[in-house]
Amino acid sequence: MPSFTYTALNATGQTVTGNLAVGSKAEAFRKLEAQALTPVKVAEEAKATQAAAQAKVVDNQPVKLKRAQIILFTEELADMLDGGLQIDQALRVITERQEDIGLRKVSTILRDQLREGSTVAKALRKASPSFDDLYCNLVAAGEVSGSLAPILRRLGQNLVVMAELQSKVTSALIYPAFLIGACTVLMIVFMTVMVPQITDLLAKSGQKLPFATQMLISFNSFLASYWWIILSILTIVSLSFKAYIATPKGLMWWHEAKVKIPLVGPVIATRFYAQFAHSMGSLVGNGVPLLNSIRLVSKISANVFIQSLLTRVTSLVAEGGSLSSSLKKVGYFPMMLIDMIAVGEQTGSLGKSMEKCAIRYDKELDKRIKRMTALISPVIIVFMAVIVGVVAYSIISAVFQSVNGIKSRV
């Protein structure tokens with residue numbers, strides 16, 4: 001077991017030195033704190049072997065967190081950092097006072113990793129797979145720029161916005177989902193009960209079927225005879241699509257297509273513009289060089305199409321171009337964003353211009369989300385009404401024609 005020498009302060013402020021035989025540097029910190037000592041310096045006397053390094057005393061297995069837990073952890077950590085606590089102190093408070101077992105464990109793992117010399121971003125990846133690339137890359141940007149607390153605050157806000165978006169979309173889909181279920185049941189009853197009966201009735205009466213009814217009966221017969229072919233085709237198409245988007249070319253095509261989908265695409269794009277502006281504003285405003293800022297921000301989006309655009313922007317800036325001209329050459333970014341960046345570059349206040357852009361795109365994102373959720377329900381209702389109307393018309397017209405035929409014979 002490794003041996004550590006330490007220098008610490010006791011309760012009276014006197015310097016205390018000594019040795020500890022523990023499994024890790026993090027364990028040495030914990031043991032000193034348990035003895036009411038404040039660690040000043042802890043150093044390993046001899047390097048541990050590879051096996052000893054892997055055999056940690058503390059259980060540091062990654063913990064999966066739910067979105068609500070990530071939001072709570074992010075907001076608490078941002079509050080404590082804003083209050084003046086160091087990252088180690090903030091994590092200790094969370095470990096000691098947080099009631100959620102998962103968050104306590106994540107905080108403990110993070111604290112141990114930081115004491116071993118890891119960065120916050122790397123420690124997050126080891127603590128939980130729930131901290132995705134976007135989260136960890138923004139935290140890395142905050143460490144580089146010295147603005148970890150504001151970026152954590154921004155991350156917490158983004159997570160809340162996405163949770164609200166998901167909640168709004170789910171709420172907007174509850175009523176249409178009920179309609180779809182009811183219409184599906186109704187269609188099954190029509191196709192399996194009413195259509196065969198109407199077919200028999202019209203066959204006995206010798207009446208010619210209306211065109212709409214003929215189409216409905218033909219469709220019903222096709223489904224009854226070839227449902228397995230339809231199911232096979234859908235399965236093959238689905239599997240082929242998944243296999244294609246698993247390739248780099250297919251993934252690029254799919255992510256580009258998602259940005260261009262009506263209603264959904266503008267929301268994805270606007271959210272990226274807001275994140276881009278906030279992140280660039282924080283980085284440039286805290287003294288990070290422009291090229292390094294763009295390289296860090298190029299990783300904030302999980303969309304590989306957007307990542308490829310930012311990679312091209314990075315190359316153009318590295319060749320000596322300005323950020324606004326580089327964005328314009330790429331050709332995807334909106335002119336409003338480019339113009340505000342150009343103004344910031346000309347006035348020497350790029351950071352402030354980016355923050356103004358971020359506020360504007362935050363408002364635009366909120367509008368687009370409200371517009372999308374407001375349109376989902378009516379679109380589905382109209383679509384289902386058309387289907388039900390066509391089926392009902394086909395059946396009613398056949399019934400009326402049959403009744404008229406019977407009356408004419410009488």
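The values are calculated or read from the model by the stated rules, or taken from the named source; none is laboratory data. Everything numeric here is computed off the predicted structure, so don't read it as measured data. Cβ placement follows ideal geometry from the backbone for every residue including glycine, while neighbour counts extend to all protein chains displayed. Areas reflect the complete protein model, heavy atoms only, side chains present, ligands, DNA and RNA absent. Shrake-Rupley method; radii C 1.70, N 1.55, O 1.52, S 1.80 Å.
Loop only per DSSP, at most 12 neighbouring Cβ atoms within 10 Å: give me the trypsin sites (Lys or Arg not before Pro) in the range 199-285, ordered by residue number. All intermediate terms of the calculation are to be shown ahead of the outcome.
Working: sites: 204, 208, 242, 249, 258, 260, 271; in loops: 208.
The qualifying sites are 208.
Can you pull the one-decimal nm distance between simple spin-label points at residue 404 and residue 291, each 7 Å off the Cα toward Cβ?
Each label point is offset 7 Å from its Cα along the Cβ direction, giving 8.1 nm.
Solvent-accessible area per residue for the chain at a 1.4 Å probe radius, Å²? Please list the in-between numbers first.
Details: 22700 Å² over 410 residues.
Solvent-accessible surface per residue comes out at 55 Å².
Give me the percent of accessible area attributable to carbon and sulfur for the chain, probe 1.4 angstrom. Please list the in-between numbers first.
On the way: 14170 of 22700 Å².
After summing per-atom areas, the C and S share lands at 62 percent.
Any chance you could look up the accessible area of residue 174 with a 1.4 Å probe, heavy atoms only, rounded to 10 Å²?
Roll a 1.4 Å probe over it and residue 174 shows about 110 Å².
Give the distance, in whole Å, between the Cα centre of the range 347-410 and the Cα centre of the range 265-308.
So the two Cα centres are separated by 33 Å.
If a/c stays under 1.5 just call it rounded; otherwise compare a/b with b/c (prolate if a/b is bigger, oblate if not). Do that for the range 286-335, with a ≥ b ≥ c from the square roots of the Cα gyration tensor eigenvalues.
Oblate is the answer for the range 286-335, as a/c is 1.5 or above yet b/c matches or exceeds a/b.
Taking a 1.4 Å probe, which of 38, 119 shows the most accessible area, and what order do the others take after it?
Numbers: 38 80, 119 60 Å².
Result, largest first: 38, 119.
Which lysines does residue 41 reach when only Cα atoms under 28 Å apart count, and residues fewer than 8 places away in its own chain are ignored?
Of all the lysines, those that pass the test against residue 41 - Cα under 28 Å, at least 8 places apart if same chain - are 25, 31, 56, 105, 122, 126.
Quick one: how many lysine pairs does the range 274-410 have with C-alpha atoms less than 21 Å apart and a gap of 8 or more or different chains? Give me the count, please.
6
Rounded, prolate or oblate: pick one for the chain, where a ≥ b ≥ c are the square roots of the eigenvalues of its C-alpha gyration tensor, a/c under 1.5 means rounded, and failing that, prolate if a/b is larger than b/c, else oblate. Please list the in-between numbers first.
Numbers: a/c = 3.13, a/b = 2.06, b/c = 1.52.
Prolate, since a/c reaches 1.5 and a/b exceeds b/c.
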